[in-house]
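A.B. asks: Below is a structure I'd like to ask you about.
The values are calculated or read from the model by the stated rules, or taken from the named source; none is laboratory data. Remember, it's a predicted structure, so these values are computed and weren't measured experimentally. Using ideal geometry, Cβ is built from the backbone for each residue, glycine included, and neighbour counts are taken over all protein chains shown.
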Amino acid sequence: MCGIAGLIHRGKRSDIGSELSSMLQSLKHRGPDSTGFALYGMPEEGELVMRFKVAEQEDMQRGFKIHDEVKERRALVDQRMLEMGVNKKEEEQVTEYAYRYRFSFDGDIKRLTDYIEDIEGAEILSVGHALELVKDLGDADTVSQQYGLTAFQGTHAIGHTRMATESDVDIRSAHPYWAYPFNDVSVVHNGQLTNYWMFRRAMERRGHRFISNCDSELIAVYLADRMDLGDDLEAAMVRSVDELDGVFTYVVATADRLGMAKDVMAAKPMVLYESDDFVALASEEVAIRSVFPHEIDTYDPYEGEVKVWES
């Protein structure tokens, strides 16, 4: 079933970590297995933020050996970043297996991320000027507290609560997905694509790599690829509604925009609230009312509809 949510403030920063946490916790019943956040902050000029992990949560139950392996893997990440000419400004160990690095780098992001992910057990969740992607097992309150997200300040964010149906309950299978190796593009999705493998093979032939078998990751890569070819976000989304088959509602974010799209059958739910200053959307109205408990007017987007908002 799964639940998706997004919000964007126009022209100002806000407590988007706390707001999105409340929205996703309200959708816990739609997916209790894992929760993910793609948060867009206010970047420093010329700097990038990388979120990565060197183990799965359940790996940490294996005793002292895995703890030694985690230390070795992180040391290898540091070594390889130094070799690639990365100037690390800040590092934070968020959990036993998850890290946040802030750095400057003038080289090829794809080469850097490929080199790091050659390390066994290492997975980069996101690299971006504005984007920070966090996902883990548990409900929104659990993940938000574990990663200290309630204090996150930014302009917009998207998130997902997952009910595992066809793949494992692990961080790799959790949403959102970063459109590797494109900065700042992330997607959450509710539904199923029936032409997933056809488009995935086409994207792989174009040199894109996938870390999962989840069709949500394909949407992220598809949109980023179209934008790389010259489409703006809205044009790429309109094209996706025509070319991606299945039943789906998805929310996408870039460094300065939030967008949503529904397939032509509109079988997957979406509720939207929009004012001059703020936009919120979610699988159920209860999520929006967790941020706006007073009386508000919401509506359901039409079938095949695409909408984009700028921060």
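A.B. asks: Considering each residue of region 193-214, count those that are closer than 16 Å to Asp242 by Cα and either surrounded by 16 or more Cβ atoms within 10 Å (Cβ to Cβ) or not assigned by TED's automatic domain parsing to the domain that holds Glu243 (or both), and give that number. Even if it seems obvious, please write down each step before you answer.
C.D. replies: Initial filter on region 193-214 (closer than 16 Å to Asp242 by Cα): 193-196, 198-199.
Retained after the next criterion (residues that are either surrounded by 16 or more Cβ atoms within 10 Å (Cβ to Cβ) or not assigned by TED's automatic domain parsing to the domain that holds Glu243 (or both)): 193, 196, 199.
Going through region 193-214 one residue at a time, the tally reaches 3.
A.B. asks: Scan Ala224, Ala174 and give me the residue that is surrounded by 15 or more Cβ atoms within 10 Å (Cβ to Cβ), at pLDDT below 95 and part of a loop (DSSP other than H, G, I, E, B).
C.D. replies: It is Ala174.
A.B. asks: For region 245-257, name all the residues that are surrounded by 22 or more Cβ atoms within 10 Å (Cβ to Cβ) and outside any strand (DSSP E or B).
C.D. replies: Thr254, the sole residue that qualifies.
A.B. asks: Could you list, in sequence order, the residues of region 263-289 that are outside any loop (DSSP other than H, G, I, E, B) and aliphatic (A, V, I, L, M)?
C.D. replies: Within region 263-289, Val271, Leu272, Val279, Ala280, Leu281, Ala282, Val286, Ala287, Ile288 meet the criteria.
A.B. asks: Quick test for you: out of Glu295, Glu217, pick the one residue that is assigned by TED's automatic domain parsing to the domain that holds Ser186 and not in a loop (DSSP other than H, G, I, E, B). First the steps, then the outcome.
C.D. replies: On the way: Glu295 fails: not in a loop (DSSP other than H, G, I, E, B).
Step by step, each of Glu295, Glu217 is checked, and only Glu217 is assigned by TED's automatic domain parsing to the domain that holds Ser186 and not in a loop (DSSP other than H, G, I, E, B).
A.B. asks: Of everything in region 80-118, what is aromatic (Phe, Trp, Tyr) and free of Cβ contacts under 8 Å to residues at least 40 places away in the same chain? Give them in sequence order.
C.D. replies: First, pick out the residues of region 80-118 that are aromatic (Phe, Trp, Tyr): 97, 99, 101, 103, 105, 115.
Within region 80-118, Tyr115 is the sole residue that qualifies.
A.B. asks: Quick check on my filter: what residues within region 63-109 are of a type in the set (Lys, Arg) and either touching a helix residue (DSSP H, G or I) at 6+ places or on another chain (Cβ under 9 Å) or surrounded by 15 or more Cβ atoms within 10 Å (Cβ to Cβ) (or both)? It would help to see each step written out before you state the result.
C.D. replies: First, pick out the residues of region 63-109 that are of a type in the set (Lys, Arg): 65, 71, 73-74, 80, 88-89, 100, 102.
Listed by number, the residues that qualify are Arg73, Arg74, Arg80, Lys88, Arg100, Arg102.
Quick grid of which residues meet (1) of a type in the set (Gly, Ala, Ser); (2) at pLDDT below 95; (3) assigned to a strand (DSSP E or B); (4) closer than 29 Å to Gln79 by Cβ:
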residue: Tyr101; (1), (2), (3), (4): no, no, yes, yes
residue: Lys110; (1), (2), (3), (4): no, yes, no, yes
residue: Asp114; (1), (2), (3), (4): no, yes, no, yes
residue: Glu132; (1), (2), (3), (4): no, no, yes, yes
residue: Ser144; (1), (2), (3), (4): yes, no, no, no
residue: Ala157; (1), (2), (3), (4): yes, no, yes, no
residue: Val187; (1), (2), (3), (4): no, no, yes, no
residue: Gly207; (1), (2), (3), (4): yes, yes, no, yes
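A.B. asks: Same structure again: Can you name the number of the only condition in (1) within 21 Å of the chain's Cα centre (by Cα); (2) of a type in the set (A, V, I, L, M); (3) assigned to a helix (DSSP H, G or I) that Met260 fails?
C.D. replies: Going through the list (1) within 21 Å of the chain's Cα centre (by Cα); (2) of a type in the set (A, V, I, L, M); (3) assigned to a helix (DSSP H, G or I), Met260 breaks only (3).
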